[in-house]
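K.L.:
Dropping the structure in here first, questions after.
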Amino acid sequence: MVAPSASPPPETCDPKRPLIEIRGLKKRFGTKVILDGIDLDIYSGEAVAIVGPSGTGKSTILRIVCGLLAPDEGTVRVGGHEISGNLANGESMPFQIGMVFQQAALFDSLNVDENVGFILYQHSKLPKERIQELVKEKLALVGLSGTENLFPSELSGGMRTRVSFARAIMEDPNDPDDQPQILLYDEPTAGLDPIASTRIEDVIRSLWRERTCESYLIVTHQKSTIRRAADRVILLYDGKVQWIGKTSEIDKSDNPFVTQFFAGLTEGPIHANT
């Protein structure tokens with residue numbers, strides 16, 4: 001879990017208003033412009049993929065949304081509350097946001113139980129036995145019952161990813177505001193074989209269908225993940241949004257960026273970085 005909520009969602013939260021509002025978002029690292037005036041709206045109940053070539057700022061958007069990174073210019077609002085990027089300095093979030101980092105980012109020295117229950121072990125007043133029960137519940141949701149005592153080195157890549165999912169949806173039952181409402185996935189199927197990728201995509205969908213989260217954003221390069229785990233697609237290139245559309249519209253689009261990216265063509269408006 002990334003951002004514990006210190007207070008209930010603000011009264012300004014309106015189901016007709018975007019859950020996430022991004023306006024004029026700019027970010028650079030050194031002299032390289034990563035995001036150059038991005039405008040985006042994500043609504044409650046959406047499953048959205050952010051795609052594009054490597055280095056176009058997809059993961060940067062996730063880190064700004066969850067408060068781990070500050071924008072250079074522009075505004076990001078979650079539930080009507082502006083996010084400043086000061087999470088490390090104690091900024092509270094209006095919504096619970098769970099982040100699944102690329103390559104799972106598990107603690108190698110901790111077993112599965114300790115990884116999944118890490119936040120509760122460190123910051124809650126729950127007894128150890130209750131936390132262990134909650135860990136088992138979350139592991140069951142991602143299809144990993146009975147793995148509590150295993151260490152990351154004993155898990156396959158797909159299993160490590162699912163452990164990170166369980167950690168992202170862990171909540172304190174004594175805190176009614178602790179249920180994750182937004183999940184952010186950063187390349188959850190990177191490096192996995194097609195079968196393992198399908199399992200991950202199915203878990204992502206099932207967590208959403210079961211209302212474990214309201215909405216999710218997924219950054220991915222995998223075509224199968226885009227088509228199976230998202231209903232709407234945002235394509236970034238050169239620091240800007242080049243296309244937004246439904247997943248079902250990908251093959252019908254005449255947008256040159258869409259055509260080149262999904263066909264893997266070397267000719268077109270997208271210039272290869274290698």
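Just so it is clear, none of the values below were taken in a lab; they were calculated from the coordinates. None of these values were measured; they are calculated from a predicted model. Cβ atoms come from the backbone with ideal geometry, glycine included; neighbour counts cover every protein chain shown.
K.L.:
Hey, got the dipole for the chain? About the Cα centre, +1 on K and R Cβ, -1 on D and E Cβ, debye to the nearest 20?
P.N.:
Value, rounded to 20: 420 debye.
K.L.:
Additional query: Tell me which of 260, 145, 200 sits at the most positive position along the dipole axis of the stretch 129-274, charges placed on C-beta atoms (Lys, Arg +1; Asp, Glu -1).
P.N.:
260
K.L.:
Moving on to the next point. Taking the chain, how many lysine pairs are there with alpha carbons less than 12 Å apart, if each pair must be eight or more places apart or span two chains?
P.N.:
Lysine pairs meeting both conditions in the chain amount to 4.
K.L.:
Further, regarding this structure: In degrees from 0 to 90, rounded to the nearest 10, what is the angle of the helix 128-141 Cα long axis to the longest principal axis of the chain?
P.N.:
Taking Cα atoms only, the helix is inclined about 40 degrees.
K.L.:
For the chain, find the longest principal axis of its Cα atoms and tell me its angle to the long axis of helix 194-209, 0 to 90°, nearest 10.
P.N.:
That works out to roughly 70 degrees.
K.L.:
Beta carbons within 10 angstrom, averaged per residue: use that to sort the peptides 234-246, 147-159, highest first.
P.N.:
Per-residue mean Cβ counts within 10 Å order the peptides as 234-246, 147-159.
K.L.:
Across all directions of projection, what mean area in square nanometres is found for the Cα convex hull of the stretch 14-88?
P.N.:
Dividing the Cα hull surface by four gives the mean projection, 5.2 nm².
K.L.:
For n ≥ 4 DSSP H runs only, could you compute -39500 (n - 2.57) per run for the chain, divide by its residues and tell me the 222 nm figure to the nearest 500?
P.N.:
-8000 deg cm²/dmol
K.L.:
In square nanometres and to one decimal, what's the mean projected area of the convex hull around the Cα atoms of the stretch 95-138?
P.N.:
3.8 nm²
K.L.:
Something else now. State, as an integer percentage, the relative contact order of the stretch 110-178 based on alpha-carbon contacts under 8 Å between residues 6 or more apart.
P.N.:
43 percent
K.L.:
Could you quote the convex hull projected area for the chain, Cα atoms only and averaged over all directions, in nm²?
P.N.:
Reported value for the Cα convex hull: 15.0 nm².
K.L.:
Share of antiparallel DSSP beta bridges in the chain, in percent to the nearest 5?
P.N.:
55 percent
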